[in-house]
Amino acid sequence: MEETENTIMPRALPSSPCFPLMDLNDDLLTNILTFLSDAPFEGADMDCKSSLTHTLPYINHRIQKLCEQDFLWRTVLLRLLKREPYLWEEGVHRVLKGCRRESRRISADTNESVSNKKQKLAAQKREGEVEENGESPTSQRREPKSEEKTKSKKSHEESLIDNTVEQMILLSQKQCQSTSPKQNKLGLHITKNKSHLCLFQQTVSTHLRQTHPIFYMPGTVRLGCVFGLHFFEPRYRVLISEVMSSYPVGFRTGDVIDASTEGRFPEFVYAHVAPLAPTNPACIVQVRQCHIYPDGTADVLLMPVAYVWMERVWERPNSGGLACGRVVRMGKEASRALERSLWGSTRLDSADWETNGHGNNEEEDEDDVIVDGEGVRGSIHAILAYLAAREQGMQEFENSENNQE
């Protein structure tokens, strides 16, 4: 077939050069992944799925291994701590304090073995082999200088991450050496090559994403403002009984709750927005004072500490209709927007909100008191006095009715 002058012949498009990404070494490829990937709960929508965990690992086996590199997860943690310290710094602090508290508990339960070890080290010290910490005198004298130089170059976020990872590894070693089943509360079994990944997982599971029983009653709550409730429904009697079960008897009979006893205040979810369904906002509240009566009813003082999104809701079987839910904490901007919509202003804008320890669920230092004990005690006594007066008034009313009959 002859070609005419008007015939347009197709031309092959020039092939664009393809960058040989997989030809790079692992170090360069890992650094590239730190810029390309996002981590779970990193976006504004707080999605648990991310490219680092749900996309990149499925490219090939090599990328999958690189996505588990500890350097990559250290970079993720640093990025999250700088972008959203309201969520992540508080969460890492919770893990750090939990590790220290569990380490002290293990040490207290193994005093005899620790004492034997000290005696052995003291004997070795007398022989000139090692000093009390099990290291040679020369290495011990040199170590603090190198540590001081390293610490001076680290940022606040890097120091926090390194301290937490160090405590996690020490606790994991103690738990492996311990034979008591009570001494595996956190269940940490980590190694140095995956320590930052473990820290990320612990922060998510203990702080960012939690499962709690739910008290449902539409209303308004405000972070940092204590309020009281009276539980009388069977399902909420179950709730308060379970929440307070691990705390001393005094905390269940009206004493002001001290977080240092168990490391954190008892807490549950207060769903104050109807309907009780996923994607709706709710609030985590801490029990600051509680009085459970013999019939299971209870008077409680609650402190709202964090707004959350309801991720999943279900009804627990054989509980009288008690709902449970998995929730995800809101970021600071979302919390501000919600509080402004409810109250027209937000306490999160105040500079002293975080410095005063509001929203921190862990045990506080002595100078970081969140609630005045006398104020709490007076508030709950006022509630009890009101309930007693109401009951007395009802009895007088019934007596007058009976007399009239």
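Of the residues making up region 310-322, just one is surrounded by 19 or more Cβ atoms within 10 Å (Cβ to Cβ), in contact (Cβ under 8 Å) with a residue 60 or more places away in the chain and not in a loop (DSSP other than H, G, I, E, B), namely Val313.
Return yes or no: is Lys49 touching a residue at least 60 places away in the same chain (Cβ under 8 Å) and open to solvent by 30 Å² or more (accessible area, probe 1.4 Å)? In short, no.
Within region 56-76, the set of residues being free of Cβ contacts under 8 Å to residues at least 12 places away in the same chain and either closer than 29 Å to Met310 by Cα or open to solvent by less than 30 Å² (accessible area, probe 1.4 Å) (or both) comprises just one member, Pro57. Does region 190-224 hold any residues that are in contact with a Lys or Arg (Cβ under 8 Å, 6 or more places away or on another chain) and either open to solvent by 30 Å² or more (accessible area, probe 1.4 Å) or over 19 Å from Lys97 (Cβ atoms) (or both), and which are they? Those that are in contact with a Lys or Arg (Cβ under 8 Å, 6 or more places away or on another chain) and either open to solvent by 30 Å² or more (accessible area, probe 1.4 Å) or over 19 Å from Lys97 (Cβ atoms) (or both): Thr206, Arg209, Thr211, Pro213, Arg222, Leu223, Gly224.
Candidates are the residues of region 17-46 that are of a type in the set (Phe, Trp, Tyr) and in a loop (DSSP other than H, G, I, E, B); the one that is surrounded by the fewest Cβ atoms within 10 Å (Cβ to Cβ) is Phe19. Just one of the numbered conditions (1) among the hydrophobic types (A, V, I, L, M, F, W, C); (2) in contact with a Pro (Cβ under 6 Å, 6 or more places away or on another chain); (3) part of a strand (DSSP E or B); (4) over 22 Å from Gly98 (Cβ atoms) is not true of Leu302: (2).
Could you tell me whether Pro234 is within 15 Å of Tyr293 (Cβ to Cβ) and open to solvent by 70 Å² or more (accessible area, probe 1.4 Å)? For Pro234, the condition - within 15 Å of Tyr293 (Cβ to Cβ) and open to solvent by 70 Å² or more (accessible area, probe 1.4 Å) - is met. The set of residues in region 280-299 being part of a strand (DSSP E or B) and of a type in the set (S, T, N, Q) consists of Gln286, Gln289. Could you tell me whether any residue of region 204-212 is at pLDDT 90 or above and in a loop (DSSP other than H, G, I, E, B)? Checked against the condition, which is being at pLDDT 90 or above and in a loop (DSSP other than H, G, I, E, B), region 204-212 yields no hits at all. Checking each residue of region 259-274 against the condition of being buried (at least 18 other Cβ atoms within 10 Å of the Cβ), at pLDDT below 90 and outside any loop (DSSP other than H, G, I, E, B) gives at least one match.
The values are calculated or read from the model by the stated rules, or taken from the named source; none is laboratory data. Note that this is a predicted model, so its numbers are computed, not measured. All Cβ positions, even for glycine, are placed from backbone atoms using ideal geometry, and neighbour counts span all protein chains on display. These accessible areas exclude ligands, DNA and RNA; they are computed on the full protein's heavy atoms, side chains included. Shrake-Rupley method; radii C 1.70, N 1.55, O 1.52, S 1.80 Å.
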